[in-house]
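Just so you know, all these numbers are worked out from the coordinates, no wet-lab data involved. Here the structure is a predicted model, which means the values were calculated and not measured. So basically every Cβ, Gly included, is an ideal-geometry build from the backbone, and we count neighbours across all protein chains shown.
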């Protein structure tokens, strides 16, 4: 894909709490609910694209209110297990804005979307990683990860460019869904880095208690 205009404006949505996803990143997903297996079946037969987005709450599992910004991904590989699940790899393409829900008569939800404000998501940032910029983030995040029992391969992060590193840390960090959503919606890498630093500072000063920043 080279242009925003080439991307679909109606997509199936897979809601997943505490999960964010960025362009030029990949994530494995285990699909086991029948409605989402049907969604993957449809996607594989068409353009292989689905949207990932966080639900706001759990009051109505069938019609959860969703955040307004999610990420479009393309299925790069899939395997069907013996018990009928799908294990897929999803590659991030672009973030999107929800416009309206489509009445599709299917067990999974589809939405009309646009990409306003995210036109630069298709551009690959090849900026070399600057460890002086990330020194504070790395050191404090390591403490947070260790405190909460998370494990991450820091050596692998050092091989990535700045964009990939910031986005990977934003995806993997043990923050609230509201904090992760704030990182997802940050339009620029510099703004995302600042938001990440703000969250880390709050966690560190609060003895790692989870208080969402505004």
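The tail of the calculated P(r) for segment 5-67 beyond 17 Å holds 47 percent of all Cα-Cα pairs.
Ranked by the mean number of other Cβ atoms within 10 Å per residue, highest first, peptides 102-115, 39-52 order as 39-52, 102-115.
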